[in-house]
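Notes follow the structure.
What follows is calculated from the coordinates using simple rules that are stated; it is not laboratory data. Predicted model, so just to flag it, every value in this text is computed and none were measured. Virtual Cβ from ideal backbone geometry, glycine too; neighbours counted across all protein chains shown.
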Amino acid sequence: MKNIIVDFEYLAPNTVEEALKLMDKYGDECKVIAGGQSLLILMKQRLVTPQYLISIKGLSELDYIDYDDKKGLRIGALTTHRSVEKSPVIQKEFSVLSEMEHNISSVETRNWGTIGGDIAHGDPGGDPVPVLIALKAKLKMTSLSGERTVDAEDFTLDYFETVLHHDELLTEIQVPTLPPNTGVKFTKFSQIAGDYGLASVAMLITLDEKKETCSDVRIALGGVAPAPMRAKKAEDILKGKKINDALLAEAGQAASEEASPTPDVQASDEYRRDLVKVLVKRVGNEALARAKKA
Ligand SMILES: Cc1cc2nc3c(=O)[nH]c(=O)nc-3n(C[C@H](O)[C@H](O)[C@H](O)COP(=O)(O)OP(=O)(O)OC[C@H]3O[C@@H](n4cnc5c(N)ncnc54)[C@H](O)[C@@H]3O)c2cc1C
């Protein structure tokens, strides 16, 4: 069978408002395209066949990175992976975001693909969402009837399903300023460098004033459940304690039990659970070292 995209009408609005009006007008018959790195694959496979394709790539009002040490970081949804990776302020204040972006696919994909498109795509193995969950980020969505914001951990509902309504655009990623004595680390385990991970772990650790006890911790897992998730039982094992290897191993075990991976051609569910166990310990040690240096 020929791998040909089904015909569609291409629309290129100049503003967010114009885009939202088109989305409202065409409803289920339309699809928004940003960098096209995920959507075009689905269209070539004819899994998605919109009658109208609304390109938002040119909406420069959603392409920005702003940082203020009180308000935190704001990233417009149309900011490319490459811009996030290379942003000096992100490298300085949220190096984990820059590191995560550096390991997404190739430079070509990172130059086209947007952070908002990655999040909106709802792939359970996508890299940005676990990091954003660890960072306590919020995601802003906009429609003609207004704006709403959800915690990053509540955004993805299931495989490729998110809380976005058909008439809504994801418009902004909001990351609060990191508290003192905080370290954050993300690692994915991929078969091919830069590819989606078989499993990924993001961890944020905040230490007390003496830098001895863990006063706050967030553990987010990717690729091991229908949606990125927090490992709350694992977090409880570390909270209020002096973190050491034994505790991290216990937390890794708990996280691997909280995960609910689906076996596929790449890895069994047991293998993915084992990865979680190993990664929580490894990532935890690295986040802890960063928190001590912060
Ligand atoms: C070879 C390859 C390897 C990859 N490896 C990784 C990887 O390791 N980790 C990883 O995280 N990603 C990976 N990706 C995915 C890539 O990062 C995403 O394809 C890309 O970021 C999606 O962004 P986009 O702008 O291209 O979105 P598009 O493909 O244009 O859109 C994706 C989906 O999001 C919707 N959408 C886009 N923007 C918005 C918005 N602002 N509001 C509402 N809906 C929106 C579209 O309608 C569509 O459903 C890989 C992609 C390729 C091609």
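Listed values, structure above:
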| item | result |
| --- | --- |
| J(HN,Hα) series, the range 24-36, from Karplus relation 6.51 cos²θ - 1.76 cosθ + 1.60, nearest Hz, glycine and proline x | 5, 5, 9, x, 5, 7, 10, 9, 8, 10, 9, x, x |
| Gain in span if fully extended, Asp69 to Lys293, counting 0.36 nm per residue against the direct Cα distance | 78.7 nm |
| Segment Phe160-Lys233, extension gain: residue separation times 0.36 nm, minus the distance between their alpha carbons | 23.7 nm |
| Potential lengthening between Leu47 and Ile5 on full extension [0.36 nm per residue; Cα-Cα distance subtracted] | 14.1 nm |
| Residues Asp269, Asp28, sorted so that the one with the fewest Cβ neighbours within 10 Å comes first | Asp28, Asp269 |
| Computed helical MRE - 222 nm, the chain, DSSP H runs ≥ 4 contributing -39500 (n - 2.57), nearest 500 | -10000 deg cm²/dmol |
